[in-house]
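Just so it is clear, none of the values below were taken in a lab; they were calculated from the coordinates. The model shown is predicted, which means the values in this text are computed figures rather than measured ones. Virtual Cβ from ideal backbone geometry, glycine too; neighbours counted across all protein chains shown.
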Amino acid sequence: MENAIVAREGDLKWIDELYNVLIQSGISCMVTTDDGCNKGCCGDKYRLMVSSQDTERANDRIEEYYAEVHPEIRASKAMMSQGKCPACSCPVDPEAVECPDCGLTLLIIE
């Protein structure tokens, strides 16, 4: 695969599930792994790789699939787009990090 890019990283079960979703959608991909440490305290890291040309299509399909598996995400996004906390419906600023009423984390800053 030319110019492979990491689409997602995670445990084998989740990456295998996403691999099957992409393959069934006609998007070529592969799974790579880095072995964990020899002590057994670090798990293996699995990466779902797609070509740079398919990155956007793969990410869109993964997001669609995630919304299919977790339909509550659509409702939460709709509430956020209306300026409301998805947990308590309190009005929130679009840039708010957490809800001022219930404390729900709304934005994760890395």
Condition first: hydroxyl-bearing (Ser, Thr, Tyr) and exposed (fewer than 13 other Cβ atoms within 10 Å of the Cβ). Can you find one or more residues in the range 34-57 that meet it? yes
Considering only residues that are among the polar types (S, T, N, Q) and farther than 30 Å from residue 16 by Cα, look in the range 66-89 and name the one that is surrounded by the fewest Cβ atoms within 10 Å (Cβ to Cβ). 81
List the number of the failed condition for residue 92; all other conditions in (1) under 20 Å from residue 17 (Cβ atoms); (2) in contact (Cβ under 8 Å) with a residue 12 or more places away in the chain hold. (1)
